[in-house]
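Every read-out reported here was derived from the displayed coordinates using simple, explicitly stated rules and does not represent laboratory data. Nothing here was measured: the structure is a model prediction, and the numbers come from that model. Heads up, the Cβs are rebuilt from the backbone with ideal geometry, glycines too, and the neighbour counts pull from every protein chain shown.
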There are 2 protein chains.
Amino acid sequence: MPEPASRRELNKAATRQAITAAALALLKGKGPGNFTVEDIADAAGISRRTFFNYFSSTEAALASVTHGFLDNALQQFRQRPADEPILESARAALMQLADPMTVAPLAELFTLTQGNAVLSRSELEAWDHCTEQIITAARERFAGTPGTEVDELYLRSLAGSVIACGKAAMDVWFVRCGADLSPGSLAVLRQLLIDSIGHLGSGFGSPATAPALNPGPATSTLLKERL
Amino acid sequence: MPEPASRRELNKAATRQAITAAALALLKGKGPGNFTVEDIADAAGISRRTFFNYFSSTEAALASVTHGFLDNALQQFRQRPADEPILESARAALMQLADPMTVAPLAELFTLTQGNAVLSRSELEAWDHCTEQIITAARERFAGTPGTEVDELYLRSLAGSVIACGKAAMDVWFVRCGADLSPGSLAVLRQLLIDSIGHLGSGFGSPATAPALNPGPATSTLLKERL
DNA sequence: CATAAAAGTACACTACGTGCAAATTTGCAC
DNA sequence: GTGCAAATTTGCACGTAGTGTACTTTTATG
């Protein structure tokens with residue numbers, strides 16, 4: 001699909017973009033809960049009704065940021081070689097999240113919604129949606145191996161755990177570095193993602209105490225797949 | 001706290017119970033989205049305004065079922081011995097969920113809300129809330145070991161993964177057994193919970209194909225803790 | 001240019017959630 | 001049981017959310 005860029009598609013994409021931009025601007029300017037759908041519509045130059053043609057709620061409009069963010073990782077996961085250990089694929093996909101351009105909007109959104117129950121609810125939904133898609137992707141991958149039936153429990157446990165680890169890494173990163181997008185901060189995020197998947201790969205058998213000044217071994221000894 | 005049972009407390013608890021019961025009855029009778037807060041209030045014998053004194057929304061009233069369900073497991077987790085391998089504690093806590101009395105309301109709720117986006121959103125929130133509480137509980141446990149600093153990433157990854165595995169087991173169970181609460185069905189759930197935590201404990205290293213007719217080894221070889 | 005389809009808009013309507021003040025119930029002392 | 005203070009319920013009003021519907025504008029196509 002190189003050129004589905006008809007005028008209509010472009011307009012819709014532009015409108016959609018205008019809405020999320022307006023919503024983010026209002027969130028930054030007035031704080032969560034202090035603006036209405038009508039405010040967003042006015043700022044985006046559309047009618048209130050049209051807003052609802054694009055998003056079912058204010059939170060949905062803001063959650064589109066997270067969706068885009070996670071879709072990015074999912075896309076990475078899908079194009080990993082099928083014979084690669086699945087945790088390695090997950091690690092590679094999550095690593096994509098540490099890209100400045102990618103995390104920037106999410107980091108901003110995260111700092112603005114911290115501590116707001118209503119908004120973080122939509123965030124949860126986005127992560128869950130991503131989990132479902134990973135389950136689908138992983139199922140398709142394993143289905144490629146003929147003669148063996150796919151273990152639904154394995155799939156769902158694995159996908160859920162991977163997402164949980166990614167989320168944990170993001171959470172710890174935000175707490176530790178705030179919205180800092182400097183190379184050093186992103187390196188921290190990358191390491192956190194590696195370590196969380198590492199913990200997962202080692203069955204959480206390592207001690208629960210921080211390696212502190214010795215980040216090396218935690219990442220080097222973990223991803224020893226059994227296949 | 002053996003007797004905080006003043007008249008006021010009892011009345012409030014009764015009202016709260018009446019609300020959730022009315023909400024569940026309406027959910028069963030009319031289906032999700034086909035009844036209003038006013039309907040619930042009428043059925044519970046209170047005013048619409050009073051409903052909102054107890055719950056912030058219809059979904060919140062229904063999610064209280066899930067909260068009670070998960071609080072049960074959390075309570076189990078808290079009273080496990082502190083020197084026990086943490087995954088074993090998690091397994092024991094999750095095992096509590098396979099009790100007929102405990103799962104019954106959740107199973108009913110689950111079948112009624114299957115495929116309803118609005119309602120499952122509140123369910124997600126409940127699971128996430130439980131995750132946060134497990135993180136707190138686990139942090140307190142590890143903090144008991146002096147001289148060692150607690151690794152936030154380990155904590156959050158672990159708690160998130162455990163919850164994800166519990167959720168995965170429940171999902172698979174519902175798909176496989178529906179709302180069946182027979183001893184056999186509960187045995188299946190118990191085994192699913194054991195297996196999911198087993199996968200987690202072994203770092204998801206076992207092949208992704210179902211053991212099929214050989215359920216034994218999957219559970220016996222997994223929980224080999226490294227401590 | 002004609003015309004059909006797609007997208008945006010105006011309007012009306014139900015329901016949600018909350019602040020507020022009046023009314024009712026409960027706990028407690030006398 | 002009477003009086004009184006605190007807790008709880010209730011009715012009312014208000015702004016906002018979300019949706020159905022019919023109407024207008026924009027875009028694609030011949």
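Do the sum for chain B: with -39,500 (n - 2.57) for every DSSP H run of n ≥ 4, divided by all residues, what is the mean residue ellipticity at 222 nm, to the nearest 500 deg cm²/dmol? Taking each H run of at least 4 residues, the total per residue is -23500 deg cm²/dmol.
Restricting the calculation to Cα atoms, the range B:1-113 shows an Rg/Rh of 1.06 when the hydrodynamic-style radius is the Kirkwood one.
Between the residues A:M170, A:C130, A:Q191, the greatest Cα displacement towards the positive end of the dipole of the range A:111-196, with unit charges on the Cβ of Lys, Arg, Asp and Glu, is found for A:Q191.
Charged neighbours of B:T102, selected by a Cβ distance under 14 Å, balance to -2 (K, R count +1; D, E count -1). Mean per-residue shielding of peptide A:167-173 is 5, counting Cβ atoms of other chains within 10 Å of each Cβ. Among complete DSSP H helices in chain A, those whose alpha-carbon atoms stretch at least 18 Å along the helix's long axis and whose mean Kyte-Doolittle hydropathy reaches -0.5 are A:7-30, A:58-78, A:100-113, A:117-143, A:152-177, A:183-201.
By the scheme Lys and Arg +1, Asp and Glu -1, what is the net charge of all other residues having a beta-carbon under 12 Å from that of A:Y54?
Cβ neighbours under 12 Å give a net charge of +4.
Here the gap between B:K30 and B:D99, fully extended at 0.36 nm per residue and compared with their Cα-Cα distance, gives a gain of 22.0 nm. Between the listed residues B:S57, B:A25, B:Q114, the Cα displaced farthest toward the positive end of the dipole of chain B, a dipole computed from Cβ unit charges relative to the Cα centre, is found at B:A25. Take the Cα of B:N116, step 7 Å toward its Cβ, do the same at A:E88, and the gap between the two points is 4.6 nm. So what is the diffusion coefficient of the protein assembly as shown in µm² per second by Stokes-Einstein at 20 °C and 1.002 mPa s, using a Kirkwood Rh over Cα pairs? The estimated diffusion coefficient comes to 90 µm²/s. The relative contact order of chain A, computed from alpha carbon pairs under 8 Å that lie at least 6 residues apart in sequence, is 18 percent.
Applying 1/(1 + (r/R0)^6) with R0 = 56 Å to the Cβ-Cβ distance of B:A21 and A:L10 gives a FRET efficiency near 0.60. Summary of the geometry: the range B:26-44 and the range A:82-128, compared by the centres of their Cα atoms, lie 36 Å apart. Divided by 2.2 N^0.38 Å, where N counts the residues, the Cα radius of gyration of the range A:57-220 comes to 1.06. Charge tally for B:I197 (other residues, Cβ to Cβ under 9 Å; Lys, Arg +1; Asp, Glu -1): -1. Here the range B:1-55 is assigned +1 on the Cβ of each Lys and Arg and -1 on the Cβ of each Asp and Glu. Its dipole about the Cα centre then comes out at about 40 debye. Over the Cα atoms of the range B:1-55, the radius of gyration divided by the Kirkwood radius equals 1.07; this is the Rg/Rh ratio. If you filter the range A:30-133 for GluC sites (Glu not before Pro), then keep DSSP loop positions with at most 15 other Cβ within 10 Å, what is left? The qualifying sites: there are none.
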